[in-house]
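Every read-out reported here was derived from the displayed coordinates using simple, explicitly stated rules and does not represent laboratory data. Everything numeric here is computed off the predicted structure, so don't read it as measured data. All Cβ positions, glycine included, derive from the backbone under ideal geometry; neighbour counts span all protein chains shown.
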Amino acid sequence: PRVSVTGVDIYRGYFGIEDNTPERFMRNARIAGVADRAEAIVGDARELPLDTGAYDGAISLAAIDHVRRADIPKALAEAARVLKPGGEFLLMIVNVDHWAMFASPHALGHHPRADANRWRTMLASAGFDVVEEGTQPAVLYFLARKPR
C-alpha cells in the first residue's frame, strides 16, 4: 500500500494494445484504486526522463526486447541509472517456447529464441548483478540488483 508506480512508455507504435495512451494507463490505475500512487510518463527506455538514483525498483516486461538490438545496452544502462544503490530490476523478455508458439504464433517472426547468456552479459555490462533467472511460460526473466 505504500508503493508508488511510474509507468514509462513511448506510447506510439502498435504492439497489440488498443488505445495505448497515458490516459489508458491512468484509467486502469483508477479502476485498481491506486491512481493516487501512479503516474504515467511518455518516455523512451533509451533516455528515461527520470532522476538518477530515484527508484527502488524497475520492471521491463516485453519492452526492452522490442528496442533495436544495438540500443538494448543503452536501455539497460538507463534502468541502472535510475535505480538507487541496491535497487532491483526485473527484466522479462519474450521467450519463444512451446507456450509462445501456441498462444502467439506471430512471436516466432518477431523474436529470436532468447539467449540467456547474452542477456546475462548485457545486464552485467550495465552494472547489474543477476540474483535469479528462470523461465515462465513465454518468458525468460532475470532479477538483477544494482550493487550498493
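Under the rule a/c < 1.5 gives rounded, and otherwise a/b versus b/c splits prolate from oblate, where does the chain land using the Cα gyration tensor? Oblate, since a/c reaches 1.5 and b/c is not below a/b.
With 0.36 nm allotted per residue and the present C-alpha distance subtracted, the SER4-ALA54 stretch has 16.8 nm of extension available.
Take 18-28, 137-147 and order them by the average number of nearby Cβ atoms within 10 Å per residue, most first; the result is 137-147, 18-28.
Here the extension length gained between ASP44 and ASP115 equals 23.2 nm, from 0.36 nm per residue of separation less the Cα-Cα distance.
What shape does the range 1-86 take by its C-alpha gyration tensor, where a ≥ b ≥ c are the square roots of the eigenvalues and a/c under 1.5 counts as rounded, a/b above b/c as prolate, and the rest as oblate? Can you show the working numbers first?
Working: a/c = 2.33, a/b = 1.15, b/c = 2.02.
Cα axes put the range 1-86 in the oblate bin.
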